[in-house]
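Quick note: the coordinates plus some simple rules give every number you see, no bench work behind them. All of these numbers come straight from a predicted model, not from anything done at the bench. Heads up, the Cβs are rebuilt from the backbone with ideal geometry, glycines too, and the neighbour counts pull from every protein chain shown.
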Amino acid sequence: MGKQFYEAARQVMGIAASPLEVAGIMLLSLPRRTGGAEFKNIYVNDLTPLSNSARKIAGQKICYGDIVIVNPIIMKAVLIELQGEVIHGSGAVLDHDAARMTALQSMGYDVFLVTHDMLNDHDQLDAIIHSVCERLELRYKPKTEAMRCAETRLRANVLCNWLGIGK
């Protein structure tokens, strides 16, 4: 288990703030043959300066996108906001998230709210990937059966209870 965890950790780029962010980045960035979506130009907790009007909406000068996927050719980005605290989070957390998302949308960003359950469901995750490809004008290609099996294995490994790793 230790070697597998080390190899998995080497795949993550940037500094993730939660296990859910790590799972999301792995499912979206790893090669398709290993179960990922193989998005290129993907960033974790990327800083986004806000415009003046977006600052008024969010009440802050900058935002951090949990996962940011960029198409540098068309100069467009999509933000994936992982919602790990929706069920247990306070109203203040939800209000803050709504203000941030509205501010980012006011600047033209497409923002996807993604939960653990959505990452854990092949059809939902595939629909999100397809939509991101459309928004960024990237070619979408459905996964083969072997890729789907690899995705199922990857999902089982990255969406497990991280507190039990190494026990």
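Some points to look at:
- Full extension of the chain segment joining Asp126 with Thr102 gains 6.2 nm, where the gain is 0.36 nm per residue of separation less the Cα-Cα distance.
- Förster radius 41 Å - calculated FRET efficiency between Ile62 and Cys160, Cβ distance, rounded to 0.05: 0.80
- Counted residue by residue at 0.36 nm each, then reduced by the alpha carbon distance between them, the extension gain from Ser51 to Glu38 reaches 1.6 nm.
- Convex hull of Cα atoms in segment 99-166, direction-averaged projection (nm²): 6.4
- Here the simple spin-label model places points 7 Å from the Cα toward Cβ, and for Cys149 and Ile73 these points are separated by 3.3 nm.
- Counted by Cβ distance under 10 Å from Asp126, the other residues give a net charge of -1, where Lys and Arg count +1 and Asp and Glu count -1.
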